[in-house]
Amino acid sequence: MLLAKSIYFKYEKLLPFNLPELDLNPCDELLILGKSGSGKTTLLHILGGLLKPQSGKVVIDGTDIYSLRGNALDKFRGQNIGIIFQKPHILSALTVMENLQIANFFVGKNTQNTIEINLEELGIADKKSAKLDTLSEGEAQRVSIARALANEPKVILADEPTASLDDENAEKVIRLLKAQAKRLQAILIVVTHDQRVKNHIANQVTIGEVYR
Amino acid sequence: MNLLKLSWKYLVAKPLNTTLNILLLALGLAIITVLLLMQDQFENKMSKDAVGIDLVVGAKGSPLQLVLSSVYHIDFPTGNIDLEEAIGVSKNRLIKNTIPLGMGDNYQGFRIVGTNHDYLDLYDVSFASGSPWNLPFEVVIGHDVAAKLGLKVGDAFVGSHGISSASHDHDEHDYVISGVLEKQGIVVDQLILTSIESVWYTHDEEHDHGLMEKAVATTGFPETTEPREITSLLVQYRNPIAAVQLPRFINSRSSLQAASPSFEISRLFELLGIGVTLVQGLAVIIIVISGLGIFIALYNSLKERKYDLAVMRTIGASKGQLFRHILLEGVLLTFLGGLVGLLIGHLFLLILVLNYDQGAIAGLRADVFLVEELYLVFFAVLIGVLASLLPAWNAYRTDIAKQLTK
């Protein structure tokens, strides 16, 4: 279902990252741990089709995503991969509902029902027509989760989703992520250095041993 | 949700910036709209007013003034000419017909013009009510005069001396309205027409009551036993040779002056043209600056929005969609600017027309739309495309991973 094979990536003037081989099936959960600068976020971007590695391949649902070109990759990402960032990144000009609908629009889907259910389950149904500046940090993060889930992805990638949240909200967010991934039968990959997350996901891999 | 709505949301999110850009562009386009409307209608009106008048003969002075006063009734007459001399000129074999005009009085600012029925035929007028004048002191009033002063057939009024209002009244004899014209869209709408005799008698010291009951001349010159004067003659040529010979003949051989309306008006437009070009240049500069403003606004907002754009890419937007998203924003802005510009232009003309109900501006209409205005909107949209092309290209090239890790 998700396969990451012999991925090699290196930034100019830096040493290459040591990235693990991955082979995950639907409903699998994976926690990627590592110090900052170890390449966690880079790996997540590579898995999410945002950053092409110098070599190696990422296969999702039978598709080698970096063999896709231009629009095809964007559409594939929109449809199959839901990405949650450390900061919520809500589109500032739009309301909560419009933020979710625009995700639908970009891939030509209409999942209005799913969106409504997600908002309900994430406890932000009453914020539908609110804008970013009226949301609390926790609420904003939940909106970004709802948006990542709007197109019913097969893979959910979360980059430090709890970093800026207090204990209570961090706990809530990680539980929600797990529950939603189960419901969608999606693969959940969380990248973090947050100790609070460790107890929730058993399957863990640590990266960060840089080639010397 | 669609791209148009998305672009609109981003415009609305910055209301002040958006309004400023729209207004600046609208201002430039409004100036051009007013110029277009006025130029079109002036030229239209000017040529309609002068139709059938090949030459104006009057007292020596400025030829332009003679044309403006006798054809368009906006400037003061150059003076009067002797009736005998006018009759002499009119017998020239190159002339098909002449219409005498006698001016000098007004009522509430509307000029009282003494002439004959040929003048009515010249403009092919139709009557809303009543009939042409037959006796001295009977008048026919234009549509605007009737509408603005609330006059109708049978009403009487006293003219004032001079061709603009507020001078002493001729209280010896009332004018009586015998007819009201329908709207013609030309200069006669603003005139009070009567016989030459009326104009003469109103200025006489003594009144011969026998003359008052005598029918006036409906064509040609009125008969008179006294030495009389008229203001000018409207001349129609018999053949094209007249255009070459007649003006020269009149100007050199008599104490009169001949002026061609078409020649004088094209000279007038030439003089005005410099001013019009100047204003047009100013409008173009404003439009260019507004285009630059839109470009800068988009370019700057892009810096703040690169994050948003990167996020859009992660949720499935293609590069092309982002390109169109930014382009649409510029186009939407300038399209609105175009529409607002037309609106302001028409509104401005309306205010102008409402404030000047007499003279050259009167008779212009603000509710006329030209094909050129569509081109203006198209032009505005083109500016939007040009201004947003580079920002859109930048949006197209946004490196998602780099933006997201910043």
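The values are calculated or read from the model by the stated rules, or taken from the named source; none is laboratory data. Nothing here was measured: the structure is a model prediction, and the numbers come from that model. When we count neighbours, we look across all protein chains shown, and the Cβ atoms used for this are built from the backbone with ideal geometry, even at glycine.
Looking across B:THR224, B:THR202, B:THR194, one residue alone is assigned to a loop (DSSP other than H, G, I, E, B) and hydroxyl-bearing (Ser, Thr, Tyr). It is B:THR224.
Can you confirm whether the range A:106-115 contains a residue that is within 13 Å of chain B (Cβ to nearest Cβ), closer than 20 Å to A:ALA186 by Cβ, under 14 Å from the mean Cα position of the chain (by Cα) and at pLDDT below 90? No: zero hits.
When the range B:232-253 is filtered for residues that are assigned to a helix (DSSP H, G or I), touching a strand residue (DSSP E or B) at 6+ places or on another chain (Cβ under 6 Å) and crowded, with 20+ Cβ neighbours inside 10 Å, the ones remaining, listed by number, are B:PRO247, B:ILE250. All conditions in (1) modelled with pLDDT under 85; (2) crowded, with 21+ Cβ neighbours inside 10 Å hold for A:GLN195, with the sole exception of (2).
May I ask you to verify whether B:ALA59 is modelled with pLDDT of 90 or more and under 30 Å from B:LEU292 (Cβ atoms)? Walk me through how you get there before you give the answer.
On the way: modelled with pLDDT of 90 or more: yes; under 30 Å from B:LEU292 (Cβ atoms): no.
No: the conditions fail for B:ALA59.
On the basis of being surrounded by 11 or more Cβ atoms within 10 Å (Cβ to Cβ), out of contact with any Gly (no Cβ under 7 Å at 6 or more places or on another chain) and not assigned by TED's automatic domain parsing to the domain that holds B:GLY79, does B:PHE221 make the cut? No: the conditions fail for B:PHE221. I'd like the residue in the range A:67-102 that is within 9 Å of chain B (Cβ to nearest Cβ) and touching a Phe, Trp or Tyr at 6+ places or on another chain (Cβ under 6 Å) and, out of all such residues, is surrounded by the most Cβ atoms within 10 Å (Cβ to Cβ). Here the residue is A:GLY78. Residue count for the range A:32-56 satisfying the condition of being assigned to a loop (DSSP other than H, G, I, E, B) and either at negative phi or surrounded by 23 or more Cβ atoms within 10 Å (Cβ to Cβ) (or both): 11. The single condition from (1) away from chain A (no Cβ under 14 Å); (2) in a helix (DSSP H, G or I); (3) in contact with a Lys or Arg (Cβ under 8 Å, 6 or more places away or on another chain) that B:ARG93 fails is (2).
Return the only residue of B:VAL279, B:VAL288 being over 22 Å from the mean Cα position of the chain (by Cα), away from chain A (no Cβ under 14 Å) and among the β-branched types (Val, Ile, Thr).
Details: B:VAL279 fails: over 22 Å from the mean Cα position of the chain (by Cα).
None of the other options fit; the residue is B:VAL288.
Only residues that are of a type in the set (Lys, Arg) and at pLDDT 90 or above were counted across the range B:1-30, and they come to 2.
Residues of the range A:35-57 that are in contact with a strand residue (DSSP E or B) (Cβ under 6 Å, 6 or more places away or on another chain), of a type outside the set (Ser, Thr, Tyr) and away from chain B (no Cβ under 14 Å): A:GLY56, A:LYS57.
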